[in-house]
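The values are calculated or read from the model by the stated rules, or taken from the named source; none is laboratory data. Here the structure is a predicted model, which means the values were calculated and not measured. Every residue, glycine as well, gets a Cβ built from its backbone with ideal geometry; the counts of neighbours run over all protein chains shown.
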Amino acid sequence: MSTIAKNFRIPAAAALLVTGLLASCVSVTRTELVMSDRATECVVLLHGLNRSWRAMDKMALALQAEGFTTVNVDYPSQQGTVEGLAPMAVDSGLADCRFTGATKIHFVTHSLGGILLRFAHEQVPIPELGRVVMLGPPNRGSEVIDRARDWAIAKLFTGEAGMQLGTQEDDIPAQLAPIDFELGVIAGTGSINPFMSAMLPDADDGKVTVERTKADGMADFLVVRNSHFSLMNSDTVIENTASFLHTGHFLDVDSTR
């Protein structure tokens, strides 16, 4: 594995991007770009619902140690629809990677972040798109949203985008085009939320069942014993993510970390 030869951070203020794509609110993304000697390959990290760039920081640091340039994107996950958030978050990451001169752009996403990438890529194909690792993605929606849709309080926690992640035909996951890029999916089974797990019919991570993380056309699939909340901080998940970005395959291991 290569090591970092250059490592500098562009101040967040210099990376703030304001977009008009969300007409209903004023929204801002924050990006943290860290360049390495692997200048031709850049990794964009997209956090999930109700999280921030900090949730992906450990993953970003590990990928930097693997020699990748990283762009850790912070976006307002509760302020808008998938249709509005997708270009905001994805385009911010792409802009920073392209700034470095990268010719291949990979993505590592958590939960909602994976749906945003799929939606954005479907609308405007990403020519430099390399490999993608999705952690706990609701690629086939989540029954939790189906159950909570009629609860007045639910939208306060999920925002508009979260409420679009159900399993019905008119929900966003069911409307997405088939996968046309190298995709590795990591699902969890270590739920720490018995209330939400009770809404799910099969093995789950507390938010999404293992089966509903899958996507037709994915190149590799891995199940780990971690919760939806902690997937991106698992050493096993991080090691397998790096492996997939390097080789297109997860490690042939079964770990409980």
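(1) without any contact (Cβ under 8 Å) to a residue 40 or more places away in the chain; (2) closer than 12 Å to PHE181 by Cβ; (3) surrounded by 24 or more Cβ atoms within 10 Å (Cβ to Cβ): which one isn't true of VAL133, the others all being true?
Of the numbered conditions (1) without any contact (Cβ under 8 Å) to a residue 40 or more places away in the chain; (2) closer than 12 Å to PHE181 by Cβ; (3) surrounded by 24 or more Cβ atoms within 10 Å (Cβ to Cβ), the odd one out for VAL133 is (1).
Would the stretch 196-218 turn up any residue that is surrounded by 16 or more Cβ atoms within 10 Å (Cβ to Cβ), under 30 Å from ALA95 (Cβ atoms) and small (Gly, Ala, Ser)?
yes
Which condition breaks for ASP146 when tested against (1) part of a loop (DSSP other than H, G, I, E, B); (2) at pLDDT below 95?
Just one mismatch for ASP146, condition (1).
Here are some residues: PHE244, PHE195, PHE250. Which one is at pLDDT below 95, out of contact with any Cys (no Cβ under 9 Å at 6 or more places or on another chain) and among the aromatic types (Phe, Trp, Tyr)? Even if it seems obvious, please write down each step before you answer.
Working: PHE244 fails: at pLDDT below 95; PHE250 fails: at pLDDT below 95.
The unique qualifying residue is PHE195.
Using the structure shown, decide if MET199 is out of contact with any Ser or Thr (no Cβ under 6 Å at 6 or more places or on another chain) and closer than 19 Å to HIS106 by Cα. Walk me through it before giving the result.
Working: out of contact with any Ser or Thr (no Cβ under 6 Å at 6 or more places or on another chain): yes; closer than 19 Å to HIS106 by Cα: no.
No.
Among the candidates ILE145, ILE192, ILE186, ILE153, which residue alone is surrounded by fewer than 16 Cβ atoms within 10 Å (Cβ to Cβ) and within 16 Å of SER111 (Cβ to Cβ)?
Only one candidate passes the filter, namely ILE192.
If I filter the stretch 153-191 down to residues being assigned to a loop (DSSP other than H, G, I, E, B) and without any contact (Cβ under 8 Å) to a residue 24 or more places away in the chain, which single residue comes out as nearest to the chain's Cα centre (by Cα)? Before you say what the answer is, go through the steps one by one.
Initially, the stretch 153-191 is screened for residues assigned to a loop (DSSP other than H, G, I, E, B), giving 153, 163-171, 176-181, 189-191.
With the extra rule that they be without any contact (Cβ under 8 Å) to a residue 24 or more places away in the chain, the set shrinks to 153, 163, 169-170.
Working: ILE153: 25, MET163: 17, GLU169: 22, ASP170: 22 Å.
In this case the residue turns out to be MET163.
Listed residues ALA95, ALA102; which is more than 14 Å from the chain's Cα centre (by Cα), surrounded by fewer than 20 Cβ atoms within 10 Å (Cβ to Cβ) and among the hydrophobic types (A, V, I, L, M, F, W, C)?
Values: ALA102 fails: surrounded by fewer than 20 Cβ atoms within 10 Å (Cβ to Cβ).
Unique residue meeting the criteria: ALA95.
Restricting attention to strands (runs of 3 or more DSSP E) lying wholly within the stretch 48-141, give those where 3 or more residues are of a type in the set (S, T, N, Q), in contact with a Ser or Thr (Cβ under 9 Å, 6 or more places away or on another chain) and over 15 Å from VAL185 (Cα atoms). Can you show your working first?
Numbers: elements: 68-74, 104-110, 129-135.
Because the criterion is at least 3 residues that are of a type in the set (S, T, N, Q), in contact with a Ser or Thr (Cβ under 9 Å, 6 or more places away or on another chain) and over 15 Å from VAL185 (Cα atoms), the strands (runs of 3 or more DSSP E) in the stretch 48-141 that meet it are 68-74.
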